1. Considering only residues of the stretch 5-61 that are among the acidic types (D, E) and outside any helix (DSSP H, G or I), which is nearest to S75 (Cα to Cα)?
2. Could you check how many residues of the stretch 1-25 are exposed (fewer than 15 other Cβ atoms within 10 Å of the Cβ) and under 16 Å from E60 (Cα atoms)?
3. How many residues are free of Cβ contacts under 8 Å to residues at least 40 places away in the same chain and surrounded by 15 or more Cβ atoms within 10 Å (Cβ to Cβ) when one looks only at the stretch 36-49?
Amino acid sequence: MAKPANKDDIQTTLFKLARPKMSPRELLREARRVHPDASKKEIIRAAFASIIAHADHDVEKAMVLQEFALKERGSDEVA
């Protein structure tokens, strides 16, 4: 069984995966491939933390992460 990812690992993954014009659903799908044991809630929280940590380094990625986090935080866990 795979070791559960911690928030820092998920943050790093999200920052690496995020790219301009990427849909929130696509980012979630890619993040779940890397961290299959992480819940949607954990991934969204990591996205918010990543925005805070990296916004001044890469604005475009921060915008993708912001769109993802805001759009997905209110949707059902089943995505």
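Readers should treat all values here as calculations from the given coordinates under stated rules, not as data from a laboratory. Here the structure is a predicted model, which is why all the values come from computation and not from measurement. Please note: Cβ atoms are built from the backbone with ideal geometry, for glycine as well, and neighbour counts cover all protein chains shown.
1. Initial filter on the stretch 5-61 (among the acidic types (D, E)): 8-9, 26, 30, 37, 42, 56, 58, 60.
Next, from what is left, pick out any that are outside any helix (DSSP H, G or I): 37, 56, 58.
Working: D37: 19, D56: 28, D58: 26 Å.
The qualifying residue nearest to S75 (Cα to Cα) is D37.
2. Residues of the stretch 1-25 that are exposed (fewer than 15 other Cβ atoms within 10 Å of the Cβ), as a first pass: 1-4, 6-8, 16, 19-21, 23, 25.
Still in the running and under 16 Å from E60 (Cα atoms): 16, 19-21, 23.
Qualifying residue count, the stretch 1-25: 5.
3. Within the stretch 36-49, the first condition is being free of Cβ contacts under 8 Å to residues at least 40 places away in the same chain, and the residues that meet it are 36-48.
Subset that is surrounded by 15 or more Cβ atoms within 10 Å (Cβ to Cβ): 38, 40, 42-48.
Adding up the residues that qualify gives 9.
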